[in-house]
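Below you'll find the structure, written out as structure tokens, and then a few comments.
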Amino acid sequence: MGEPELLEDPAFPFRVPPVDEAGAAEWRSGLFGIPRRSVVRLLVMLATNEMNVTRQHHFAERRADMERHAEAILSRFPEGSTFFSNTRHGGEKPDFYERVSGCWPLSQYHWDFGLLALSREEVGLVWSFDAS
């Protein structure tokens, strides 16, 4: 609240989605469905330094706690919810404990990565930004 960027652009740091059909289709083309079984690992990866589990210090010791926290977030979205991310990493069976090398940024930065979760009652965005 009160951040200069938000005063100038209330969507900051995200780019404002287009309202025309062609622009909206292009926007959606950068979001890819991911299976529920991959969401916990995606949430854990988003909580790591550099969004790279392989470089996370003491990950083996912290993994169970990080996964428990991720499962708490996932529990807000019942069976039947849908999940999207802005990467094609891993195709049909993504493993976010492997290094992710590409994304389609939805923000004003060159690299951002996240989870869009949709249930009948709730929309969730969990995002990580590289503002360097």
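Shown is the FRET efficiency for residue 58 and residue 95, computed with R0 = 25 Å from the Cβ-Cβ distance and rounded to the nearest 0.05: 0.80. Rounded to two decimals, the Cα radius of gyration of the stretch 50-122 over 2.2 N^0.38 Å is 1.23. Karplus-based coupling profile of the stretch 29-45, in residue order and whole Hz: 5, x, 10, 10, x, 10, x, 3, 4, 8, 5, 4, 5, 5, 4, 5, 4, with θ = phi - 60° in 6.51 cos²θ - 1.76 cosθ + 1.60 and x standing for Gly or Pro. Sparse packing (at most 15 other Cβ atoms within 10 Å of the Cβ) combined with a DSSP loop state is found for the following GluC sites (Glu not before Pro) in the stretch 21-113: 79, 92, 98.
If R0 equals 41 Å, the separation of the Cβ atoms of residue 128 and residue 21 corresponds to a calculated FRET efficiency of about 0.85. Per residue, the accessible area of the chain comes to 64 Å² when a 1.4 Å probe rolls over the protein heavy atoms.
If the chain were replaced by its equivalent ellipsoid, with semi-axes equal to the square roots of 5 times the Cα gyration tensor eigenvalues, what would those be, largest first, whole Å?
Working: eigenvalues 120, 68, 48 Å².
Rounded to whole Å, the semi-axes are 25, 18, 16.
Using a probe of 1.4 Å on the protein chains alone, the accessible area found for residue 12 is around 50 Å².
Percent of accessible area on the chain owned by carbon and sulfur, 1.4 Å probe? Please list the in-between numbers first.
Details: 4520 of 8510 Å².
Answer for the chain is 53 percent, counting heavy atoms of protein chains only.
The modelled label-to-label distance between residue 8 and residue 120, using points 7 Å beyond Cα along the C-beta direction, is 4.3 nm. When only DSSP loop residues count, what trypsin sites (Lys or Arg not before Pro) in the stretch 1-90 have their Cβ near at most 12 other Cβ atoms within 10 Å? Sparse-neighbourhood loop trypsin sites (Lys or Arg not before Pro): 76.
The values are calculated or read from the model by the stated rules, or taken from the named source; none is laboratory data. Please read all numbers here as calculations on a predicted model, not as lab measurements. Here Cβ is always computed from backbone atoms with ideal geometry, including for glycine, and neighbour counts include all displayed protein chains. Side chains included, ligands, DNA and RNA excluded: accessible areas come from the protein's heavy atoms. Shrake-Rupley method; radii C 1.70, N 1.55, O 1.52, S 1.80 Å.
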